[in-house]
Every structure is written in C-alpha cells, then in structure tokens.
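**Student:** What follows is a structure written as structure tokens; I'll ask about it next.
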Amino acid sequence: MGITVREVDPAHMGEDTRTLETLAREIWTEYYTDMIGADQVDYMLSNFQTAEAMARDITERGFRYWIAYDGETPIGYCGATLEETRIFLSKLYVMSTYRGRGISKLFMDALTNWQQDAGAPTIELTVHKGNVDSIAVYQKLGFTIIDEWVKDIGQGFVMDDYLMSRA
C-alpha cells in the first residue's frame with residue numbers, strides 16, 4: 001500500500017489528535033531526550049504536544065496537521081499555520097524506523113501546495129541548533145538559515161533555535 005499523507009479533518013479531529021499525541025510522545029522521547037533532556041521533553045509534551053493542545057491549534061490558531069501512514073500505521077506528522085507573510089512549520093516529526101525514506105518531502109509537498117494556494121512567499125521553521133540531522137534534511141529540502149534566537153518557553157526552559165526559510 002505504501003506511505004501516504006492525510007490531512008487532519010477539523011470536523012473529525014478527536015481520533016486524529018489522539019494519534020498525534022501518541023506519535024509525539026514516542027518520537028519526542030526517543031529523539032529529543034539526549035538533545036534537550038528528559039525534563040524539557042516532558043514539559044514540551046505536556047504543554048504543546050497533547051491532543052487538547054493540538055485541537056486548540058486547529059480550532060483557535062488556524063493550524064493544519066498532516067499524518068503520515070504506512071498502510072494503516074501512523075508513522076509521523078507535521079503541523080503548520082498560515083501567518084501574515086508565511087507558512088510557519090511548527091512541527092515535523094517522523095518515527096525513527098521511517099527516517100530517510102522521503103516522508104519529510106511528502107509533508108513538504110503538502111505544505112508547498114498550501115503555500116501556493118495561500119500566496120505565501122515563504123515557508124519558515126525553527127529548529128534546535130544542535131539538531132544537525134534535521135537541519136541537513138531541511139537544507140536538502142531547500143531551506144536556508146536566516147536567523148537564530150533563544151525563546152523562553154516557561155519553567156526555566158528555552159528553545160535555542162535557528163530560523164530557516166524557503167521561498
């Protein structure tokens with residue numbers, strides 16, 4: 001059947017947002033614990049990656065989410081929002097056993113279609129400065145680093161990121 005990407009339908013998002021939360025917990029725990037520490041991973045999962053938080057993203061903040069599937073098995077997701085002059089890619093995560101198989105490109109194709117439909121000049125994202133694998137993937141997808149910043153996200157945690165952009 002192969003790998004497919006499906007957009008979350010806001011009218012039927014309950015099951016999908018639970019799927020997003022399950023994926024987030026698995027991917028974040030495996031990938032980010034060594035990079036930013038278990039305490040920050042737990043904080044970010046509890047505050048930004050719950051089914052409720054992602055449902056609010058959709059209903060209150062104009063986010064769109066996509067889930068990648070291998071057959072019926074969810075294997076990754078991305079979430080983005082249309083801002084004044086850009087599509088902001090907030091989340092793009094893939095299970096470790098599926099990395100390097102073109103899933104990020106499938107998500108980027110969906111975002112590019114939205115970008116063209118919306119007339120947004122760029123897609124932008126932030127990525128942790130120490131996340132060299134993801135930076136390399138984004139560069140392969142045509143993104144360049146345009147800035148860097150540190151953002152306080154609460155409880156003494158910060159995001160120390162690059163801002164990347166692609167026209």
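The values are calculated or read from the model by the stated rules, or taken from the named source; none is laboratory data. Values in this document were obtained by computation on a predicted structure and should not be read as measured data. Using ideal geometry, Cβ is built from the backbone for each residue, glycine included, and neighbour counts are taken over all protein chains shown. With ligands, DNA and RNA removed, areas are computed over all heavy atoms of the protein, side chains included. Shrake-Rupley method; radii C 1.70, N 1.55, O 1.52, S 1.80 Å.
**Student:** Restricted to region 127-141, and to residues that are under 15 Å from the mean Cα position of the chain (by Cα) and open to solvent by 30 Å² or more (accessible area, probe 1.4 Å), which residue is farthest from Leu82 (Cα to Cα)?
**Tutor:** Asp133
**Student:** Let me ask you something else. Give me the residue from region 109-126 that is of a type in the set (Gly, Ala, Ser) and not in a helix (DSSP H, G or I) and, out of that set, farthest from the chain's Cα centre (by Cα).
**Tutor:** Filtering region 109-126 down to residues of a type in the set (Gly, Ala, Ser) leaves 110, 118-120.
Among the residues that remain, those that are also not in a helix (DSSP H, G or I) are: 119-120.
On the way: Gly119: 21, Ala120: 18 Å.
Among those residues, the one meeting the criterion is Gly119.
The rows are residues; the columns are (1) assigned to a helix (DSSP H, G or I); (2) basic (Lys, Arg); (3) open to solvent by 30 Å² or more (accessible area, probe 1.4 Å).
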{"position": "Glu21", "(1), (2), (3)": "yes, no, yes"}
{"position": "Ile27", "(1), (2), (3)": "yes, no, no"}
{"position": "Asp39", "(1), (2), (3)": "yes, no, yes"}
{"position": "Tyr65", "(1), (2), (3)": "no, no, no"}
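**Student:** Let me ask something else about it. Suppose we filter region 1-19 for residues that are part of a helix (DSSP H, G or I) and among the small types (Gly, Ala, Ser); how many remain?
**Tutor:** Looking only at that region, the number is 2.
**Student:** Please go through region 41-63 and give me each residue that is open to solvent by 70 Å² or more (accessible area, probe 1.4 Å), without any contact (Cβ under 8 Å) to a residue 40 or more places away in the chain and among the hydroxyl-bearing types (Ser, Thr, Tyr), ordered by number.
**Tutor:** Ser46
**Student:** For Leu106, are the conditions met, namely being among the aliphatic types (A, V, I, L, M), open to solvent by less than 30 Å² (accessible area, probe 1.4 Å) and not in a strand (DSSP E or B)?
**Tutor:** For Leu106, the condition - among the aliphatic types (A, V, I, L, M), open to solvent by less than 30 Å² (accessible area, probe 1.4 Å) and not in a strand (DSSP E or B) - is not met.
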